[in-house]
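Worksheet: one structure, shown below.
The values are calculated or read from the model by the stated rules, or taken from the named source; none is laboratory data. Quick caveat: nothing in here was measured; it's all calculated off a predicted structure. Every residue, glycine as well, gets a Cβ built from its backbone with ideal geometry; the counts of neighbours run over all protein chains shown.
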Amino acid sequence: MATDYSNNKTPVEIRKHNIELLWFISEKWFRILEFSLILATLYYFKDKTHNIFIVAIYWFSWMIFWSWFTEIGEFLTEKITEGKKLSKNKKLLVWILSMIPVIAIYTVITMAANSIMSAK
């Protein structure tokens, strides 16, 4: 990670900031991997039982899953624009550019889950 001395931060403050950033990212990715297993289990029971309650929980879980991805994108946008005075249009552009890799990862995960489930 690049160090930022523009705000006259001490090296300890910069390391602390970088550690907080790494903990945020690792916690989100662990949660995503864990939740992927829960979604696979819900899909299995949804497919076997056709219970409307399990179907509702399954689709609600996908909405929670998506919200974590948008939270990661918003966090990236906040970190990129931190300390910069940008117009609302530029902040929107940064948000869109931050969301592109996040949406790509989400798409890869959902496509992999779909191919695994359709292969059975």
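Things to note:
- Look at the stretch 27-44: where a residue is at positive phi, no partner that is not hydrophobic (A, V, I, L, M, F, W, C) sits 6+ places away or on another chain with Cβ atoms under 9 Å.
- Test: Leu86 is exposed (fewer than 13 other Cβ atoms within 10 Å of the Cβ), within 23 Å of His17 (Cβ to Cβ), free of Cβ contacts under 8 Å to residues at least 60 places away in the same chain and of a type in the set (A, V, I, L, M, F, W, C): yes
- Qualifying residue in the stretch 42-61 (condition: in contact with a Ser or Thr (Cβ under 7 Å, 6 or more places away or on another chain) and of a type in the set (Lys, Arg)): no
- The residue list Glu13, Glu78, Glu20, Glu71 contains one member that is of a type in the set (D, E, K, R), assigned to a helix (DSSP H, G or I), without any contact (Cβ under 8 Å) to a residue 60 or more places away in the chain and touching a Lys or Arg at 6+ places or on another chain (Cβ under 9 Å), which is Glu71.
- Set side by side, the residues Trp23, Trp59, Trp29, Trp95 differ, and just one is farther than 30 Å from Asn8 by Cα, of a type outside the set (Asp, Glu) and at pLDDT 75 or above, which is Trp59.
- Filter result for Phe45 (surrounded by 13 or more Cβ atoms within 10 Å (Cβ to Cβ), assigned to a helix (DSSP H, G or I) and under 13 Å from the mean Cα position of the chain (by Cα)): no
- Hits in the stretch 48-62 - residues which are part of a helix (DSSP H, G or I) and either free of Cβ contacts under 8 Å to residues at least 12 places away in the same chain or among the small types (Gly, Ala, Ser) (or both): Lys48, Thr49, Ile52, Phe53, Val55, Ala56, Trp59, Phe60, Ser61
- Qualifying residue in the stretch 91-99 (condition: under 20 Å from Leu33 (Cβ atoms) and part of a helix (DSSP H, G or I)): no
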